[in-house]
1. Just to make sure I understand: if all protein chains stay in place, what is the order of A:F327, B:F391 by accessible area at 1.4 Å, largest first?
2. How far is helix A:98-110 tilted off the main Cα axis of chain A, in degrees rounded to 10, range 0 to 90?
3. Of all GluC sites (Glu not before Pro) in region A:139-202, which ones are in loop regions per DSSP and have a Cβ with at most 16 other Cβ atoms within 10 Å?
4. Can you tell me the dipole magnitude for the protein assembly as shown around its Cα centre, using point charges on the Cβ only (Lys, Arg +1; Asp, Glu -1), in Debye to the nearest 20?
5. How large is the direction-averaged shadow of the alpha-carbon convex hull of the protein assembly as shown, in nm²?
6. Heavy-atom accessible surface, probe 1.4 Å, ligands and DNA/RNA ignored: which residues of region B:106-138 lose at least 30 Å² versus the isolated chain?
7. Rg and Dmax of region B:237-296, Cα atoms, in Å?
8. Check the straight Cα-Cα distances from B:K119 and name the lysines below 17 Å, setting aside those fewer than 8 residues away within the same chain.
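The values are calculated or read from the model by the stated rules, or taken from the named source; none is laboratory data. Since we're looking at a predicted model, the values are computed, not measured. With ideal geometry, Cβ positions are generated from the backbone for all residues, glycine too; neighbour counts draw on all protein chains shown. Protein only, heavy atoms only, side chains kept; ligands, DNA and RNA dropped before computing areas. Shrake-Rupley method; radii C 1.70, N 1.55, O 1.52, S 1.80 Å.
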Amino acid sequence: MSATPDRQTDIGPPHYEKFLHPVIKKNYGKWKYHEIINPGLMVHVSESGDKIYTVRVASPRLIATTTIREYCEVAKKHSDGFLRFTSRNNVEFFATTEEKAKALMADLTSRGYMMGGIGPRISNIVHTQGWVHCHSAATDASGLVKALMDEFHEYFTTKELQNRVRLAVACCVNMCGAVHCSDIALVGVHKTPPRIDHENLKNACEVPSTIGACPTSAISPDPSKKSVKIKLEKCMYCGNCYSVCPAMPIADAENDGVAIVIGGKVSNLRSAPKFSRLAVPWIPNEPPRWPKVVAAVKTILNAYIKGAKKHERVGEWVDRIGWESFFKETGLEFKIQHIDDFTFARETFRTSAAFKWT
Amino acid sequence: MGKKYETPLLDELKKGAFPSFVTEIEKAAALTGQPEDLASMASDLLGHTELCYKEKVTHWKHGGIVGVRGYGGGVIGRYSDIPAKFPGVAHFHTVRINSPSGFYYQADSLKEICDLWDKYGSGLTNMHGSTGDMVMLGTRTEYLEPFFAEVSSRGWDLGGSGSAMRTPSCCLGMSRCEWANIDTMAITNDITQHYQDEMHRPAFPYKFKFKAAGCPVDCIASVARADMSIIGTWKGDIRIDQAEVKEYSKKMNIQSEVIDMCPTECMSFSGSELLINNSQCNRCMHCLARMPKALRPGTEKGATLLLGSKAPIVTGALMSWVIVPFIKMEPPYKEFYDLIDKIWEWWDENGKNRERIGELIERVSFPKFLKEVGLDPHPAMIKEPRRDPFFFWSEEDLAK
């Protein structure tokens, strides 16, 4: 192995200008409008009259260097060597004319890439590491994403919806994915309290920070064991103690599972950004394809397709019809877990006699 | 190395229309020419993940402290809890490389990173992680230093982790969007360079994220995912091209799809002319998004700053809320950096260990925060005034 070069520190990332396609660089800040030509192709037109065509393809986010090299090869062949990734893990290539865009798309088709995700449809799913890499995962993320997108891929490539439906998957309540503000999202949840490994706790964990990590004050010192104890009825299984203290494992194969939350958005279009709300409290983990989770998401999506007005996001549709109607339309069971008893609970109780019979 | 284990459950996930992460791990397992201890990494990851699928639990342990010399972050330590069974993933650390603003790349430069990652790591990546880093997924402790030397000598650096400023990210802004009211990529790059020390040497109560969005559509989800959300906006009238409005009226119902959906009811359309009462517009972007050829943002541009968003751990999810209704975001961003420094100082003085800035303000009080960092109260900061009569006065408010 050759000697490694001298390291540099605190230089920050390369300047983005080095990575801009010449037409993008030339028309930076001068774009006038854009048009969506088809689900995988859009054009941006500059005040100068220049055009840049963008072709978008799906990626599984977890990708091998082999695949990145292939993206680079496509970029060198069609995009003057430039490419970008979107915040939803798609890959974008550029072309300067519609003919070149068509040649690019034909090449992508022959290589088996899936184009789409632009406009009112389902784009790629923002997600986390899951069992592939994370110690606190209550479910896998990549597998759930694959199972969902295999089911809904036509909403990526062709079919139109009333508006964008943003899907997200987080493998635990840390929510490294944008689950708390997505149209339909899955989050891995526990149903049982952590188990204390007293022997390891005294060596591996700091008792005050372990106690401090609990949002419901369920953890208190256990001086006789130089450890901690848990008031089980106060624990809501968030796993935050396990994050600071590895001697409090919380994973439980038969009781960990997936909750579905819906109706969140981040844009300000029409209505303010919204948090996602609980639709289904728990579905068991059924790897490799989580059929019950996929079926429940399909039920929610179909109810949205049936009931929403053009341009309404999932949350706007539910706000208009009311949550009582949401449960009626979807047939999802309303359970005691749907009623909030945490930090923001009181804001969620109905202080009106006006509601719909369901 | 190729495939070492039977993986019937994961094999199911190679089927179906959407690109498969299992196929990707297999591709990394098929790489040749890697050092012996890295060659088995991706193939052991397949076996390890298959076992997680079979047992329905994760087999990763908490990360230990690993990193590169002089840095307190940028590397996430990860170990298998069954290393004897899967020695290839006994260590499976992640290296976060700070992505360039807007996630743009040039092919040769990106290929160079790939070559280095095959030499010093598993050949697996995430493009990108949730915060926006290039995530180099899986290597051993002894490869961290040489990998860092190789990438840094080529102009790349590590991203943030732990209780530090995390890698800032942004929408692509002015590079390819007509709605960008601020230069999100320049701002993001500038913040990243300005605060290299705060990023690489964790010294905060907890993590702090910046995200810059060019307009209120917020494609980077800054309002939900950044402690400091910088959202481009404008003052003045929406620019209207009436001829293009007429063109749109031929292919869509402007009354029902635009006018009737305006949340402030500030628009009307006579059939030939679109009128906007701009004093009532709240810049939600719906009309601009429906008719991009006809409508453009006003010309006095800047940003709204919002503070405090985070995921639910631990007392519930927060969205960022307005702390500065309008700020010009132009180099050298002095007003902005002065404010950030004051906010960080206040957080440092008052925050508890693992307390995000949003949680601290909730615990202590928003009015107190405003007073102590020197921001004037403004109705844009709230949805509605308080409904209780329990408010504080200062000594100077009292009759003497």
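1. Descending order: B:F391, A:F327.
2. 50 degrees
3. A:E160
4. Taking the Cα centre of the protein assembly as shown as origin, the dipole is about 1240 debye.
5. 34.5 nm²
6. At a threshold of 30 Å² (probe 1.4 Å), the residues of region B:106-138 that become less exposed are B:Q106, B:A107, B:L110, B:K111, B:C114, B:K119, B:T125, B:N126, B:M127, B:H128, B:S130, B:L137.
7. 10.1, 29
8. Reachable lysines: B:K27, B:K111.
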